[in-house]
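First comes the structure, then the notes that go with it.
The values are calculated or read from the model by the stated rules, or taken from the named source; none is laboratory data. Bear in mind the structure is a predicted one, so any value in this text is a computation, not a measurement. Every residue, glycine as well, gets a Cβ built from its backbone with ideal geometry; the counts of neighbours run over all protein chains shown. Quick note on the areas: whole protein, heavy atoms, side chains included, nothing else; ligands and nucleic acids left out. Shrake-Rupley method; radii C 1.70, N 1.55, O 1.52, S 1.80 Å.
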Amino acid sequence: MLSRFVHLPVAATVFAGLFGAGVIDLAVVTARGEEMGWFGAAALVLGLYGAVALIAALLAGCAVAIVASAIPGGFGGVSAEPEIDRRVTTALLAGALAAGVLAAVTATAHAAFVSKMHNPTLATLATFGTTALAVPFGTLALLAFWRPVRSGVDRLPRPAGLPRSLLVTIALALAGLGAVVLAFSRADWRVLDLGPAKAAAIALALGLAHGIFWHTRGRAMRVLGTAPLALVRSLAVVAVVALVVLAARIPEGDAAYEAVGDHSFGMRHLLALARGATDRDRDGFSARFGGGDCDDGSAETYPGAEEVAGDGIDQNCQGGDAASAAQPAAEPAAANAAPTEVKKRAGAAWTGNILILSIDTLRADRLGVAGYKRRRNRTLTPNLDALARSGAYFRKVWSHAPNTPRSFPAFLTSRYPSDIAWAQRSLNYSPILPQNETFFEQLGRAGWKNIGIFSHFYFSAERGLNQGFAEWNNDGARSISESNKDIASPRTVPRVIARLKQAAAKKERIALWTHLFEPHASYMEHAEFPSRTRGVEGLEERYDYEIAYVDKWVGRIL
């Protein structure tokens with residue numbers, strides 16, 4: 001009965017390839033992982049790979065069954081009847097051309113306005129709408145291409161026993177693979193997680209080997225003809241479901257999560273999918289698969305949530321409710337000891353102005369003062385080097401976080417990201433709440449006039465970064481997608497210089513903060529620093545020259 005709706009040989013081949021990739025991934029995790037429970041890792045890897053394999057096998061089997069039912073005589077009719085082969089080939093080629101038109105219209109609409117949207121929900125709805133509007137263009141293209149494609153199909157070769165439709169299918173698959181390779185070649189592959197691509201390549205190789213062995217060899221096909229395949233399929237489904245249930249119950253903090261996250265090809269993504277699928281309250285955290293949520297029925301309770309002390313609820317999943325400030329603290333063991341005398345030191349009073357320059361993604365080891373040289377064995381950063389030599393140069397500094405939306409709020413509040421009050425912690429660019437005390441608010445109370453001058457999407461006022469500022473200028477800021485290819489210093493630095501001159505003329509006491517963005521990817525070409533190298537070395541050279549370019553603008557400010 002199932003074979004009426006699912007092409008079982010294709011489904012079996014897809015399942016075998018993906019589940020086999022899971023077995024190999026488990027072997028890699030087992031070989032590389034340390035202090036890891038083998039059973040937990042096996043349940044996680046084989047359960048999630050198996051679940052994906054079942055879903056992919058069902059979809060692939062259904063797709064092939066639908067295509068076969070639409071062809072008179074099925075796939076056998078394509079080989080036996082030249083006219084049927086001609087129609088299928090025409091449909092493939094005309095459909096591919098129409099899909100190209102559909103993709104072009106959708107991509108144009110996305111570049112025109114969808115990519116500029118900051119709200120993910122609106123962007124998703126806009127993508128759906130633009131795709132729906134593009135469907136008529138694709139349909140018209142299909143009708144327009146059908147007749148000329150059909151007349152040209154007869155010119156394609158048709159070797160004996162090999163239908164044209166099969167040749168076209170292979171050619172389209174190779175073209176798609178070539179497009180993927182071209183896309184990878186134009187990207188900085190060093191920052192890409194290629195683990196899923198490796199897992200997909202393994203699955204493809206194993207799936208092809210499975211199909212060739214079982215469906216082209218006479219002895220193997222005779223075994224299939226006598227084997228209890230329905231029982232085998234049922235046992236496979238039951239085994240995968242059991243593994244998924246066991247994996248979902250592995251406790252938080254188990255070493256298996258770290259092992260599969262650090263050493264597997266595709267488990268980081270599969271774990272993210274599993275946690276997203278089991279996140280009942282949609283707060284970004286799951287109570288299953290090590291997701292960390294201690295109450296999946298409340299969207300207000302998740303790791304990192306704002307803790308309300310004394311209400312009896314563990315909002316941040318730290319193992320209990322925080323003590324209320326009204327509750328007396330436990331007395332120390334040495335309560336009767338004499339208090340330690342604290343010696344107060346007189347601090348030097350600073351009455352001058354403060355200028356803060358932050359530069360995005362600038363590696364400390366690229367500074368000339370750190371010993372780095374590139375251009376004809378000269379430093380990239382003469383201005384920053386001079387500044388370092390004339391003041392205090394810190395050689396060991398740690399960022400509070402590895403990304404901008406966590407690092408800058410930590411800088412502003414002098415707190416770890418885990419101690420900051422966020423509007424919604426799970427958001428990538430969550431605003432900070434007004435109850436946070438910022439460094440600039442302290443400066444304002446001490447008599448400085450705080451001025452912020454930027455030109456980048458991150459510094460929009462709604463993120464709450466402007467607390468304590470008398471002036472906040474973010475003119476000319478581009479959208480998220482545009483900012484990665486933006487060269488903002490030429491419009492930001494002149495405004496900084498003009499404001500400094502104005503402050504000097506009025507004898508204002510100011511604290512001015514500006515941010516320069518250029519070293520952040522994508523790396524742009526600058527006439528002053530032409531790049532002549534390609535490949536990975538070329539990417540490194542272009543990154544270095546972005547630093548040299550931004551140092552030039554720092555020099556103008558200084």
Quiz item: What residue, of I547, I557, is touching a Pro at 6+ places or on another chain (Cβ under 6 Å), among the β-branched types (V, I, T) and either within 21 Å of L357 (Cα to Cα) or surrounded by fewer than 19 Cβ atoms within 10 Å (Cβ to Cβ) (or both)?
Solution: I547
Quiz item: Scanning for something among the basic types (K, R), over 26 Å from the mean Cα position of the chain (by Cα), open to solvent by 70 Å² or more (accessible area, probe 1.4 Å) and at pLDDT 85 or above, does the range 343-357 turn up at least one residue?
Solution: no
Self-check item: Tabulated pairs, the range 192-220, first within 20 Å of A57 (Cβ to Cβ), second aromatic (F, W, Y) and open to solvent by 70 Å² or more (accessible area, probe 1.4 Å), C-beta under 8 angstrom, 6+ apart or interchain
Solution: A220/F213; A220/W214
Quiz item: Among the residues of the range 365-420, which ones are outside any loop (DSSP other than H, G, I, E, B), without any contact (Cβ under 8 Å) to a residue 24 or more places away in the chain, aliphatic (A, V, I, L, M) and within 22 Å of S460 (Cα to Cα)?
Solution: A410
Quiz item: Can you name the residue in the range 462-493 that is over 19 Å from D551 (Cα atoms) and in contact with a strand residue (DSSP E or B) (Cβ under 6 Å, 6 or more places away or on another chain) and, of all such residues, is least open to solvent (accessible area, probe 1.4 Å)?
Solution: G464
Exercise. Give the range 385-414 a look and list any residue that's open to solvent by less than 50 Å² (accessible area, probe 1.4 Å), under 32 Å from the mean Cα position of the chain (by Cα) and of a type in the set (A, V, I, L, M, F, W, C), or say none.
Key: A401, F408, A410, L412
Exercise. Could you tell me whether S69 is farther than 30 Å from R288 by Cβ and touching a Pro at 6+ places or on another chain (Cβ under 6 Å)?
Key: no
Practice problem: Inspect all residues belonging to the range 286-302 and state whether any of them is assigned to a loop (DSSP other than H, G, I, E, B), at positive phi, among the small types (G, A, S) and in contact (Cβ under 8 Å) with a residue 60 or more places away in the chain. | Solution: no
Practice problem: Kindly indicate whether I451 is surrounded by 14 or more Cβ atoms within 10 Å (Cβ to Cβ), in contact with a Leu (Cβ under 8 Å, 6 or more places away or on another chain) and assigned to a strand (DSSP E or B). | Solution: yes
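Conditions tested, residue by residue: (1) hydroxyl-bearing (S, T, Y); (2) under 24 Å from V308 (Cα atoms); (3) open to solvent by 20 Å² or more (accessible area, probe 1.4 Å).
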| residue | (1), (2), (3) |
| --- | --- |
| W422 | no, yes, no |
| S430 | yes, yes, no |
| L433 | no, yes, yes |
| T438 | yes, yes, no |
| Y458 | yes, no, no |
Quiz item: When L48 is evaluated against the numbered criteria (1) open to solvent by less than 40 Å² (accessible area, probe 1.4 Å); (2) in contact with a Phe, Trp or Tyr (Cβ under 7 Å, 6 or more places away or on another chain), which criterion, by number, is the only one it fails?
Solution: (2)
Exercise. Examine the range 531-539 for a residue that is surrounded by 13 or more Cβ atoms within 10 Å (Cβ to Cβ), touching a Lys or Arg at 6+ places or on another chain (Cβ under 6 Å) and part of a loop (DSSP other than H, G, I, E, B), and state whether such a residue exists.
Key: yes
Quiz item: In the range 70-94, what residues are of a type in the set (V, I, T) and either farther than 13 Å from L166 by Cα or open to solvent by less than 20 Å² (accessible area, probe 1.4 Å) (or both)?
Solution: I71, V78, T89, T90
Quiz item: Which one of G178, G138 is without any contact (Cβ under 8 Å) to a residue 24 or more places away in the chain, under 28 Å from A68 (Cα atoms) and not hydrophobic (A, V, I, L, M, F, W, C)?
Solution: G178
Practice problem: Find all pairs meeting these conditions: Cβ atoms under 8 angstrom apart; at least six residues apart or on different chains; first residue within the range 98-119 and within 30 Å of P431 (Cα to Cα) and open to solvent by 60 Å² or more (accessible area, probe 1.4 Å); second residue of a type in the set (D, E, K, R) and assigned to a helix (DSSP H, G or I). | Solution: K116/E482
Practice problem: Output the residues belonging to the range 535-557 that are touching a Phe, Trp or Tyr at 6+ places or on another chain (Cβ under 6 Å) and of a type in the set (G, A, S). | Solution: A548
Quiz item: Quick one: what pairs do we get from the range 73-91, first residue at positive phi, second not small (G, A, S), C-beta under 8 Å, 6+ apart or different chains?
Solution: G73/E81; G73/I84
Quiz item: Considering the range 494-510 alone, what residues qualify as being touching a helix residue (DSSP H, G or I) at 6+ places or on another chain (Cβ under 9 Å) and either open to solvent by 50 Å² or more (accessible area, probe 1.4 Å) or part of a helix (DSSP H, G or I) (or both)?
Solution: P494, V496, I497, L500, R509
